[in-house]
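Here the structure is laid out as structure tokens; the discussion comes afterwards.
The values are calculated or read from the model by the stated rules, or taken from the named source; none is laboratory data. Just so it is clear, the structure is predicted and the values come from calculations on it, not from any experiment. For neighbour counting, all protein chains shown are included, and Cβ atoms are generated from backbone atoms with ideal geometry for every residue, glycine included. Side chains included, ligands, DNA and RNA excluded: accessible areas come from the protein's heavy atoms. Shrake-Rupley method; radii C 1.70, N 1.55, O 1.52, S 1.80 Å.
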Amino acid sequence: MHSDRLRRMRSSPALRRMTSENTINPADLVQPVFVDETIAAERPIGCLPGISAHPLSGIADHVKELEESGVQAIMLFGIPVHKDAVGSSAYDTDGVVQKAVRSIKGACDVVVMADVCLCEYTDHGHCGILSEGRVVDEATLPLLQRIAVTLAYAGADLVAPSGMMDGAVSSIRSSLDLAGHVGVPIMSYAAKYNSAFYGPFREAACSSPKMGDRSSYQMDVSNYREALRSVARDVKDGADIIMVKPAISSLDIIRACRDSHELPVAAYQVSGEYAMIMCAADQGIIDGARAMAESLMAIKRAGADIIISYYARQYISGR
Ligand code: PBG
């Protein structure tokens, strides 16, 4: 028998552990957190089992609990009382996320990342400013700059533009620097596909577009080279971390980013990926904990350094 006996190394738990190629550290995981200005008590999100939106009054306590469970980083998303055509609540110094950041930073030490986008704040639900029904970069970029600066001023540790507007990274970088926030990094949603897997998030964040869809700014799922161009552009423009989204359906892109860039690579296991596994587990169809661990490990194996996941707290705390 001349073939490699690969099974030699699989023959005991200790050997398997010793030869395991990848591990997920709690510090690699980021827990998304929804803060909702319209509620006075925790609102469970039906389509994301185990996840709730939290009122401003309870947000610091919620994040403190996450911290006590071992979570070391969160990504904040806000649901404002007021929506309008230009998303003005998004760049209000007293906006829902700006307030949430201040109260969280006063209470605990987790890394607070903040999403930079307009879709939760516009009455039309698009990620940018509309002119004659189309999202326009030039009108949107100054507002993204204001969002980023107000979030940095509130104390956010990192800002994460997610709207797929061309020029977002360079304009946010220059406005942060000008405002004195040279130390606040940008995690760019550099390769973000126009995905059906964002459905539960849009229900949670009340951010579905009222007309049309996001195909004029998010990438077509058939494209590979375009993702690499988008990532390379954001690297050149000053991103500190590049992110790929969704995760499981973009493992090829995660691997390509890892192989062609030196920056940390993040992947977002999005709401639909989480919901699919949790709902199948709720019905007894699959073992949820094992399927989640396998999914997260596949994302890690593809090359992600950082994983944003609704399952982060449960993975870290083992329940
Ligand atoms: C905002 C944003 C979205 C997600 C993260 N930031 C929604 C979207 O693009 O429609 C989706 C995250 C998820 O599905 O978990 N632009």
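Some observations on this one:
- With the whole protein complex present, His82 retains an accessible surface near 90 Å², based on a 1.4 Å probe.
- Taking 0.36 nm per residue of sequence separation and removing the Cα-Cα distance, the Ala232/Thr23 pair yields an extension gain of 72.5 nm.
- Net charge of neighbours whose Cβ lies under 12 Å from the Cβ of Ser170, counting Lys and Arg as +1 and Asp and Glu as -1: -2
- Cα gyration tensor category, rounded, prolate or oblate, for the range 23-317 with a/c compared to 1.5: rounded
- Across the chain, the relative contact order, built from alpha-carbon pairs under 8 Å that are at least six residues apart, equals 17 percent.
- Global form of the range 54-161, assessed from the alpha-carbon gyration tensor, a/c cut-off 1.5: prolate
- Most mobile of Ile308, Ile39, Ile242 in a GNM of the chain (Cα contacts under 10 Å): Ile39
- Long pairs among Lys99/Lys192; Lys210/Lys300; Lys83/Lys300; Lys105/Lys300, criterion Cα-Cα beyond 31 Å: Lys210/Lys300; Lys83/Lys300
- When Ser170, Ser207 are compared by accessible surface with a 1.4 Å probe, the order from highest to lowest is Ser170, Ser207.
- Counting charges near Arg313 (Lys, Arg +1; Asp, Glu -1) among other residues having Cβ under 12 Å from its Cβ returns a value of -2.
- With K and R counted +1 and D and E -1, the other residues having a Cβ less than 11 Å from that of Ser103 yield a net charge of +3.
- With the helix formula -39500 (n - 2.57) applied to DSSP H stretches of n ≥ 4, the chain reaches a computed 222 nm mean residue ellipticity of -11000 deg cm²/dmol.
- DSSP assigns beta bridges within the range 23-317; of those with both partners inside it, close to 15 percent run antiparallel.
- Within the accessible area of the chain (1.4 Å probe), percent carbon and sulfur: 51 percent
- Normalised per residue, the volume of the convex hull around the Cα set of the range 143-281 (Å³): 128 Å³
- Per residue accessible area in Å² of the range 52-101, where ligands, DNA and RNA are left out and the probe is 1.4 Å: 35 Å²
- For the peptides 146-158, 8-20, 248-260, 110-122, the ranking by mean Cβ contacts within 10 Å, running from highest to lowest, is 110-122, 146-158, 248-260, 8-20.
- The alpha carbon centroids of the range 75-139 and the range 232-282 are separated by 22 Å.
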